[in-house]
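The values are calculated or read from the model by the stated rules, or taken from the named source; none is laboratory data. None of the values given here were measured: they were computed from a predicted structure. Here the Cβ positions follow ideal geometry from the backbone for every residue, glycine too, while neighbour counts run over all protein chains shown. For accessibility, only protein heavy atoms count, side chains too; no ligands or nucleic acids. Shrake-Rupley method; radii C 1.70, N 1.55, O 1.52, S 1.80 Å.
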Amino acid sequence: MNGSSPRILAVAKASAAAMLLLATAACTPAGTEAQPTPAQPPSSRPAATRQAPVADSKSGPTVRVVVIGDSLSTGLGTSPKLAWPKLLQSAHLSNKRPVQVTNAAENGSGYLAPGEDGDTFTMEVESAVSPDADVVVFFGSDNDTGADPGELRDAAASTFAAASSLAPNAVLVAVGPLSGSEEPDPVLADVRDTQAAVAQDMGVKFIDPIAEQWLSGRADVLLGPDGEHPSAQGQKFLRDKMKRILSAAVQG
C-alpha cells in the first residue's frame, strides 16, 4: 500500500503549519504588530512658571515706597485707582527707576487720630513697613487738628521710631497737611509746626505744602467739591510732586 495513515498525515500537516508560522514571524519587521502604546518617560523640560515683568535694561533698581497717610492718599473724593500713590506706581523716578508702592493710608487716620478701621499712623507702619523698604512717606494729617501738642509730639516721634526700627535703611519723608486756603487755619498750622519740629529732631526730611503754597491759586482746580480732598487733577499734581520728592530722597 502506497499512502500514509490519516493520523500520520494530520501530524505532518500540523508540523508544517507551525514551521510556516515561525518563518513568517522571523521575517516580519519589528514594530509592525499592533501593540499597546508604551508609557512615555517623564519630560525633562521644566514646567512653565509665571515670570515677573522684565525690567528695562536701562532702568535702575526698583524703589520700594510705603505710604502712611489718611484720606488724602486713599483717593477719597475720586477713586482708589486715581489716588496719587496708585498713579505713582506706574511712574518712574529720575534715572528711570521704577516704583513699587505699598499704600497703607486709611481714611480719618493721623499720628494720634484713629482712622475708620481704628488705625493710627503708627499702626499703619507696623502693618506695612518691612526691612526692604527704601522710602517711607508720612502724608498729613489734618485729622490731628486740635490734639494736645505734647501728645501729638510723642505720637509722631513713636511713629518715626517704629518706621526706623522696621526699615533701618529706609529714608523717612514726612509731608505736612495740605491747606486750600491762602491763610491756613492757625490750629492746622500748629499741627504742622509740631510735626516739623519732631521730624527735625529725629532726622526725618519734612516737606511743608503750606509754606511751599502747593495749592495757592489753584485750590478750585486741585481740590474736589468738598474743598479738602484732591480732585482727579489734584491727584496727578500730587503724583508729580511726590515723584520729584522721592527722586531727591533716593538721590535719583
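Just a few scattered comments:
- Some residue of the stretch 228-243 being open to solvent by less than 30 Å² (accessible area, probe 1.4 Å) and small (Gly, Ala, Ser): yes
- Ser79 vs. criteria at pLDDT below 95, surrounded by fewer than 16 Cβ atoms within 10 Å (Cβ to Cβ) and closer than 19 Å to Leu222 by Cα: yes
- Pairs are defined by a Cβ separation below 8 Å, a sequence spacing of at least 6 or placement on different chains, a first member in the stretch 59-83 that is over 16 Å from Pro98 (Cβ atoms), and a second member that is of a type in the set (Lys, Arg); the pairs so defined are Gly75/Lys81; Gly75/Lys86; Pro80/Lys86.
- Selection within the stretch 120-129 - among the charged types (D, E, K, R) and either open to solvent by 20 Å² or more (accessible area, probe 1.4 Å) or at pLDDT below 95 (or both): Glu126
- Checking Asp148, Asp117, Asp132 one by one, the residue that is loosely packed, with under 15 Cβ neighbours inside 10 Å, in contact with a Lys or Arg (Cβ under 8 Å, 6 or more places away or on another chain) and on the phi < 0 side of the Ramachandran plot is Asp132 and no other.
- Unmet requirement for Leu188, which otherwise passes all of (1) of a type in the set (A, V, I, L, M); (2) within 23 Å of Val65 (Cα to Cα); (3) more than 23 Å from the chain's Cα centre (by Cα): (2)
For (1) within 16 Å of Asp142 (Cα to Cα); (2) without any contact (Cβ under 8 Å) to a residue 40 or more places away in the chain, each residue gets a yes or a no:
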position: Pro184; (1), (2): yes, yes
position: Leu188; (1), (2): yes, no
position: Arg192; (1), (2): yes, yes
position: Pro209; (1), (2): yes, yes
position: Ser216; (1), (2): no, yes
position: Ala232; (1), (2): no, no
position: Leu238; (1), (2): no, no
position: Met242; (1), (2): no, no
position: Ile245; (1), (2): no, no
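- Ala199 vs. criteria open to solvent by 20 Å² or more (accessible area, probe 1.4 Å), among the aliphatic types (A, V, I, L, M) and within 19 Å of Leu72 (Cβ to Cβ): no
- Selection status of Pro168, surrounded by fewer than 16 Cβ atoms within 10 Å (Cβ to Cβ), without any contact (Cβ under 8 Å) to a residue 40 or more places away in the chain and within 23 Å of Ser247 (Cβ to Cβ): yes
- The residue of the stretch 87-114 that is surrounded by the fewest Cβ atoms within 10 Å (Cβ to Cβ), among those that are of a type in the set (Ser, Thr, Tyr) and over 16 Å from the mean Cα position of the chain (by Cα), is Ser94.
- Selection status of Ser59, in contact with a helix residue (DSSP H, G or I) (Cβ under 7 Å, 6 or more places away or on another chain), at pLDDT below 95 and farther than 20 Å from Gly118 by Cβ: yes
- The single condition from (1) in contact with a helix residue (DSSP H, G or I) (Cβ under 9 Å, 6 or more places away or on another chain); (2) within 21 Å of His229 (Cα to Cα); (3) of a type in the set (A, V, I, L, M, F, W, C); (4) without any contact (Cβ under 8 Å) to a residue 60 or more places away in the chain that Ala155 fails is (2).
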